[in-house]
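The values are calculated or read from the model by the stated rules, or taken from the named source; none is laboratory data. Keep in mind the model is a prediction, meaning the values are calculated, not measured. We place every Cβ from the backbone using ideal geometry, glycine too, and count neighbours over all the protein chains shown.
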Amino acid sequence: MNKKMLLAALAAGVTAFFVGWLIFGIALMDFYEANTTHYDGLFKEEMNLWLILISNLLWGLLIAWIYGNFAGKKSMAGGALTGFLLGLLIMTSFDLYFLGGWNLFTPTLIVVDIIANAVWLACAGAVAGLILKTREK
């Protein structure tokens, strides 16, 4: 892993953190609240933002590593597509598992969550693609 890929991973992770805050912490917060089964102790009174940041940095690393190692010509659009597809496939897998085994989320939330996560990771992937972009000669 070279410096450019590490920079792409860092930038994608920081982007994921802030875009995630906008999507999940502001735009969809009330929707998630209304479509989640609540019980005492489910949510912490105060989130541990350091752990959330580390999680997002790991997502950035995953996207940058996959895109950096397995794509041909690199571009912002290609990075966005990679992030979108990773988000779509991974979150569909997670959310179907949750829907199949837990009484925590409504089916409507699952659909919105899959789409929101795909868009969220597309934004992170676009940043990684921009940094890893193949220069035209």
ask   = Counting only residues that are surrounded by fewer than 16 Cβ atoms within 10 Å (Cβ to Cβ) and not in a helix (DSSP H, G or I), which one in the range 52-74 is modelled with the lowest pLDDT?
value = GLY72
task = Would you check which residues across the range 28-73 are of a type in the set (S, T, N, Q) and within 25 Å of ALA128 (Cα to Cα) and list them?
result = SER55, ASN56, ASN69
task = Could you list all residues from the range 112-137 that are modelled with pLDDT of 95 or more, surrounded by fewer than 19 Cβ atoms within 10 Å (Cβ to Cβ) and acidic (Asp, Glu)?
result = none
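Look at the range 78-111 and say how many of its residues are touching a residue at least 40 places away in the same chain (Cβ under 8 Å), surrounded by 13 or more Cβ atoms within 10 Å (Cβ to Cβ), assigned to a helix (DSSP H, G or I) and more than 15 Å from the chain's Cα centre (by Cα). Working first, answer last.
Applying the first criterion (touching a residue at least 40 places away in the same chain (Cβ under 8 Å)) to the range 78-111 yields 78-84, 103-106, 108-109.
Now restrict to residues that are surrounded by 13 or more Cβ atoms within 10 Å (Cβ to Cβ): 78-84, 104-106, 109.
Among the residues that remain, those that are also assigned to a helix (DSSP H, G or I) are: 78-84, 109.
Narrowing further to those that are more than 15 Å from the chain's Cα centre (by Cα): 78, 109.
Matching residues across the range 78-111 total 2.
Being polar (S, T, N, Q), free of Cβ contacts under 8 Å to residues at least 12 places away in the same chain and out of contact with any Pro (no Cβ under 7 Å at 6 or more places or on another chain) is the requirement here; does SER75 meet it? Before you say what the answer is, go through the steps one by one.
Details: polar (S, T, N, Q): yes; free of Cβ contacts under 8 Å to residues at least 12 places away in the same chain: no; out of contact with any Pro (no Cβ under 7 Å at 6 or more places or on another chain): yes.
When the stated conditions are applied, SER75 does not pass them.
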ask   = If you go through the range 8-51 one residue at a time, how many are assigned to a helix (DSSP H, G or I), surrounded by 15 or more Cβ atoms within 10 Å (Cβ to Cβ) and not aromatic (Phe, Trp, Tyr)?
value = 12
Out of LEU28, LEU6, LEU22, LEU51, sole residue that is under 15 Å from the mean Cα position of the chain (by Cα) and under 20 Å from GLY125 (Cα atoms) = LEU22
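When you scan the range 88-105, how many residues do you find that are of a type in the set (S, T, N, Q) and at pLDDT below 95? Reasoning before the result, please.
First pass over the range 88-105, keeping only residues of a type in the set (S, T, N, Q): 92-93, 103.
Now drop any that are not at pLDDT below 95, which leaves 103.
Residues flagged as of a type in the set (S, T, N, Q) and at pLDDT below 95 within the range 88-105 amount to 1.
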task = Go through the range 39-70 and count every residue that is closer than 18 Å to ILE90 by Cβ, without any contact (Cβ under 8 Å) to a residue 60 or more places away in the chain and among the aliphatic types (A, V, I, L, M).
result = 7
inquiry  = Kindly evaluate MET5 against the criterion of being of a type outside the set (D, E, K, R) and part of a helix (DSSP H, G or I).
reply    = yes
